[in-house]
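What follows is a set of notes on a single structure, which appears directly below.
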Ligand SMILES: Cc1cc2nc3c(=O)[nH]c(=O)nc-3n(C[C@H](O)[C@H](O)[C@H](O)COP(=O)(O)OP(=O)(O)OC[C@H]3O[C@@H](n4cnc5c(N)ncnc54)[C@H](O)[C@@H]3O)c2cc1C
Ligand code: SF4
Ligand code: SF4
Ligand code: FES
C-alpha cells in the first residue's frame, strides 16, 4: 500500500514536504497504525505519537486522507490509496505528524476540568441516581485526542480565545454532574463572545470524533443553560 | 561533558494511576515536585483498564476486607506478602470512596451507591463462595474514568508536569542513596539531571517484552531497567499474568467483566469447558487457571477457527441492553478488532500477556527495599516505587482482576506519604556525585556513534519472539534453558543497535532505542528467574513440576515459598522469605488451591 506522509524536521528541513512509502499489507495488519509501524521500520526518522493501539489513549490523532482520525482504529480496508497523512490541522507542527498541543490543553484547563464541591464529603460515596449518572454518558468518555477541535474552523481562527469543541464538551461534563456545585461560575466562565459563542454549529467536530461523541449537542446544552438562568 | 541540573524536592517518574495518586499527595503537601511522563498523563496505559477496581464496599450484598484479603492471598498462590495484602484490602474502600469524591463517574445502583460487578477469584466467606460483587466500575472504561479523574484532581492541585520527558537513568551516590534521575526532553532533545531529595517510580508495566500483549507500546519497563542498572534487584520476575481473553491475533483486551456479567468460554464442540477445570467458580476462576485451561483445550485440538488456535467468548445471551449499558467499549473493540458484533456472535480469544506481578521490591509503604547487612528488606534511602512497576508484593504469583487499580491508588498514596515523611525527617540535600551523568552520557554517545549496527526494530522483534516462544503459559525446562542462552545473545545485539535518525527534535527512534535498553533487562530478569524456579506456582507453570502427592498443582512450599531477587550484575539470583504475617489479621496458611 502506498502511503504519503507529511515530513518536516526543523533540525534539518527548510520546509515541509510529502514523502511516499510503499509497504506490504500482511494478514496480521488491520489498522493504519500497523502500517505506520512498518514505515518506521524502513525509515526510523518518521515521527508520530502512539501508545495504546486500541483507540483509548488519544495519542495518534492525525489527518488521514483529509479527515481527522486515530490511526490505530482506522481500518486499512477502508482507506483509499495513496493514503495521505498529515498532522492535525491548525496547530503548530513540532515534527512530521507530531503537533504542539499546548493551545488545545490550555483550553481544556481553562474550563476548570475537575469536580467542584466544597461541602464536607460524606463518610461514604455521594449518592447519584442511575439517571443522574446517565447524564455523563457521551461526555466523560472524551480521550482528548483533539480530532474535533482541530477540524473546527472557529478553533483554527481563534485557538487562544475559543474554547473549542473538546473543551466545551468537557465543560458540560461537569455542568451535567449532579455532584458539582459550580454551575454559575462555570457559566460565567463561558459567557463571552469568543469562549462559547464562536461555535457556529458547523458540526465538523461531531463528524470526526473517533469516540462518537457529540460536542455540538453539549454546546447546545450549555447555551440552553445560559438562556435559562437569564429568564 | 556535564549536563544541566534542575533541583526539586521530589521527582515522580510516571503519570498513570499510581504516579498521579502519589503526585496528588505531594502537590497537596505543597512540595516542589516534577512529574515526568513519556506521554501526556491521560495517555498512560491505566486509561485502558476496563473491568473495575476492587474494594469491599458491600454495596451489592455482604462483603468484608478480610474476604478480599483471603481471595488475594489465595489468588497469589501464597506468594503475596500478607502485610501488604492486608493493607491494600483494608484501605481499598477508603481510596475508592475518595475517588468518588474526586468526581470519578462510577456506575450506580438504584439507591445511588456505586455499582459493583463480580470478577474472577473474588468470593464470599473466606473463599468458600459463592462469587461476590466487589468490582467498582464505570461501564467497561474504569481505567479511563480513574485516570482522567486523577489527572483532573492534579490540575486542581497545580501539579507540575513534565510531559514527554523520558527518564533515562537513576542517580545514586556511593552510599546507595537515590538522588534523582537523568531525563530527556523529547521535543528539544536536551538531557538534564533532575536532582531530587526523593525519587518515586510509577512507570507501569513491561508487556512489550512479549510478542502478544494487552500492553501499550510505551509499556517498556523503564523503571525496572533503570533500577536494575543502578544495582537494585528485581523481584519475582518469573510471574507474568496471561489474561484469558485477548482478541485472537490483535492482543487487545476483552475484560473479565464480560464473564463477570455472565459471559462464558466455549471450545470447538460448543462445550463450556471451564466447568471441568473449575467446577465451582467456572469461568470466574483465577486468571492463571482459566488461561491454562484454554491453552490445554487448544493444545488438545479443541480450539476453534481454521487453525484451531483460539476459543470463543460468548455473551450474546446477556442481551443487547446489558451489553450496551455495561460493556459498550467491548462491543466497540470486538467490532473493530475481531470483526464480530458480540450482540450476535462470540469473540475469538486467546490467553495474552497482560500483567507483570514482579517488579522493583518495596514494602507496603512504597519504600524500595533491597537486601543489605543481613536484612532482606533494608530501605533504599530516597527511593520509592508504586503501581505495576513495584512489587510490594500484593499479587504474589498471580494477580486477581481489579486488584491492580486498587494497588495503584492505595500504594500510590502511601508512597506519596512516605516521601513526605522522608523529606520532613531529612531536610538537607545531598550533593550529586561527580559522575552522576556518566551512565547516561555513555549510552547516548554509544548510540549516536554506532556504525553498521542492527536496527532497533529488528532486535526488539527478535526479543519479543524469543520471550513468547520460551516463556509462555506452559514452561518447559529445555525451552527455558535455551531461552536464557538466547536472551544473553540478545544482550550483545542490543548493545550494538543503530539509529539512523540523528535529529534532536522529537527523535522517537532514539526513544525506542533507549527503551530497548530497559526491555532487555526485564526480559533477562524474567527468563533467568523462570529457569531457576523449579516448581509450578500461580502464573509460573513448569511442565516438569506438576500435580504430585504432597505437591498440589506442582507447588513446592518446602523449597520455593520465597521471593526471587534478580540482579543485573552477572544475572545473580538471591531469595527472600515471603511475609505470611499480616498487620492485624490472622495469617492465612498455605493450602492447595482449587476453584
Ligand atoms: C487492557 C488492560 C486492562 C486492564 N484492566 C484492569 C482492570 O480492570 N482492573 C485492574 O485492576 N487492572 C487492570 N489492568 C491492569 C492495570 O490497568 C495496570 O496494571 C495499571 O493501570 C498500571 O498503572 P501504573 O500507574 O502502574 O502505570 P501506567 O498507567 O502504565 O503508567 C506508566 C506511566 O509511566 C510513564 N513512564 C514510563 N516510563 C517512563 C520514563 N522512562 N520516563 C518518564 N515516564 C515514564 C508513562 O508515560 C506513564 O505515565 C488492565 C491492564 C490492561 C493492559
Ligand atoms: S459545531 Fe461548533 S465546535 Fe463543532 S466544529 Fe462547528 S463551530 Fe466548531
Ligand atoms: S470530543 Fe471526541 S474528538 Fe474531541 S477530543 Fe474528545 S474524543 Fe477527541
Ligand atoms: S494509539 Fe492510543 S488512541 Fe491510537
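If only one of A:119, A:141, A:125, A:54 is in a loop (DSSP other than H, G, I, E, B) and over 26 Å from residue B:324 (Cα atoms), which one is it? Checking each option against the conditions leaves just A:119.
Regarding residue B:401, is this residue touching a strand residue (DSSP E or B) at 6+ places or on another chain (Cβ under 9 Å) and at positive phi? In short, no. Scanning the range A:185-217 for residues that are away from ligand 2 (no atom under 12 Å from the Cβ), over 16 Å from residue A:158 (Cβ atoms) and over 14 Å from the mean Cα position of the chain (by Cα) turns up A:185, A:186, A:187, A:188, A:189, A:191.
Is it true that some residue in the range A:76-83 is facing chain B (nearest Cβ under 7 Å), touching a strand residue (DSSP E or B) at 6+ places or on another chain (Cβ under 6 Å) and either surrounded by 24 or more Cβ atoms within 10 Å (Cβ to Cβ) or modelled with pLDDT of 95 or more (or both)? Step through it out loud before you land on a result.
First, pick out the residues of the range A:76-83 that are facing chain B (nearest Cβ under 7 Å): none.
Scanning the range A:76-83 turns up no residue that is facing chain B (nearest Cβ under 7 Å), touching a strand residue (DSSP E or B) at 6+ places or on another chain (Cβ under 6 Å) and either surrounded by 24 or more Cβ atoms within 10 Å (Cβ to Cβ) or modelled with pLDDT of 95 or more (or both).
No other residue among A:199, A:142 is within 10 Å of ligand 3 (Cβ to nearest atom) and assigned by TED's automatic domain parsing to the domain that holds residue A:106 apart from A:142. Every listed requirement among (1) under 30 Å from residue B:27 (Cβ atoms); (2) buried (at least 23 other Cβ atoms within 10 Å of the Cβ); (3) in contact with a helix residue (DSSP H, G or I) (Cβ under 9 Å, 6 or more places away or on another chain) is met by residue B:437 save one, (3).
Going by what's in this entry, would residue B:128 be described as surrounded by fewer than 24 Cβ atoms within 10 Å (Cβ to Cβ) and either in contact with a strand residue (DSSP E or B) (Cβ under 8 Å, 6 or more places away or on another chain) or not in a helix (DSSP H, G or I) (or both)?
On the way: surrounded by fewer than 24 Cβ atoms within 10 Å (Cβ to Cβ): yes; either in contact with a strand residue (DSSP E or B) (Cβ under 8 Å, 6 or more places away or on another chain) or not in a helix (DSSP H, G or I) (or both): yes.
Considered against the rule, which asks whether it is surrounded by fewer than 24 Cβ atoms within 10 Å (Cβ to Cβ) and either in contact with a strand residue (DSSP E or B) (Cβ under 8 Å, 6 or more places away or on another chain) or not in a helix (DSSP H, G or I) (or both), residue B:128 comes out as yes.
Would you tally the residues in the range B:86-113 being surrounded by fewer than 24 Cβ atoms within 10 Å (Cβ to Cβ), touching a helix residue (DSSP H, G or I) at 6+ places or on another chain (Cβ under 7 Å) and at the interface with chain A (Cβ under 7 Å from one of its Cβ atoms)? Residues meeting the conditions: 4. No other residue among A:51, A:4 is out of contact with any strand residue (DSSP E or B) (no Cβ under 9 Å at 6 or more places or on another chain) and at pLDDT 95 or above apart from A:51.
Among the residues of the range A:60-75, which ones are within 16 Å of ligand 1 (Cβ to nearest atom) and either surrounded by fewer than 24 Cβ atoms within 10 Å (Cβ to Cβ) or not assigned by TED's automatic domain parsing to the domain that holds residue A:39 (or both)?
First, pick out the residues of the range A:60-75 that are within 16 Å of ligand 1 (Cβ to nearest atom): A:60, A:72-73.
Answer for the range A:60-75, where residues must be within 16 Å of ligand 1 (Cβ to nearest atom) and either surrounded by fewer than 24 Cβ atoms within 10 Å (Cβ to Cβ) or not assigned by TED's automatic domain parsing to the domain that holds residue A:39 (or both): just A:73.
Can you find even one residue in the range A:139-152 that is more than 18 Å from residue A:110 (Cα to Cα), surrounded by fewer than 19 Cβ atoms within 10 Å (Cβ to Cβ) and within 16 Å of ligand 2 (Cβ to nearest atom)? The answer is no, given that none of the residues of the range A:139-152 is more than 18 Å from residue A:110 (Cα to Cα), surrounded by fewer than 19 Cβ atoms within 10 Å (Cβ to Cβ) and within 16 Å of ligand 2 (Cβ to nearest atom).
For the condition at pLDDT 95 or above, part of a strand (DSSP E or B) and away from ligand 3 (no atom under 16 Å from the Cβ), residue A:35 does not qualify. Here residue B:83 meets the list (1) within 14 Å of chain A (Cβ to nearest Cβ); (2) in a helix (DSSP H, G or I) almost entirely, failing just condition (1). Scanning the range A:171-193 for residues that are within 14 Å of another protein chain (Cβ to nearest Cβ) and either assigned to a helix (DSSP H, G or I) or touching a strand residue (DSSP E or B) at 6+ places or on another chain (Cβ under 6 Å) (or both) yields A:171, A:172, A:173, A:174, A:175, A:185, A:186. Give the residues of the range B:1-22 that are closer than 14 Å to residue B:390 by Cα and not in a loop (DSSP other than H, G, I, E, B), sorted by residue number. Listed by number, the residues that qualify are B:12, B:13, B:17, B:18, B:19, B:22. Candidates B:525, B:513: the one that is assigned to a helix (DSSP H, G or I), in contact with a strand residue (DSSP E or B) (Cβ under 7 Å, 6 or more places away or on another chain) and over 30 Å from residue A:10 (Cβ atoms) is B:525.
Residue-wise test of (1) part of a helix (DSSP H, G or I); (2) within 16 Å of ligand 4 (Cβ to nearest atom); (3) in contact with a helix residue (DSSP H, G or I) (Cβ under 8 Å, 6 or more places away or on another chain); (4) outside the structural domain of residue A:60 (by TED's automatic domain parsing).
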| position | (1), (2), (3), (4) |
| --- | --- |
| A:166 | yes, yes, yes, yes |
| A:195 | no, no, yes, yes |
| A:212 | no, yes, no, yes |
| A:223 | yes, no, no, yes |
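Can you find a residue that is in contact with a helix residue (DSSP H, G or I) (Cβ under 7 Å, 6 or more places away or on another chain) and within 11 Å of chain B (Cβ to nearest Cβ) anywhere in the range A:3-22? No, the conditions are met nowhere in the range A:3-22. The set of residues in the range B:344-386 being surrounded by 17 or more Cβ atoms within 10 Å (Cβ to Cβ) and not in a strand (DSSP E or B) consists of B:346, B:357, B:358, B:363, B:364, B:365, B:366, B:386. For residue B:455, the conditions (1) within 14 Å of chain A (Cβ to nearest Cβ); (2) more than 24 Å from the chain's Cα centre (by Cα); (3) buried (at least 20 other Cβ atoms within 10 Å of the Cβ) are fulfilled apart from (3).
The values are calculated or read from the model by the stated rules, or taken from the named source; none is laboratory data. For clarity, every value in this text was computed on a predicted model and none was experimentally measured. Using ideal geometry, Cβ is built from the backbone for each residue, glycine included, and neighbour counts are taken over all protein chains shown.
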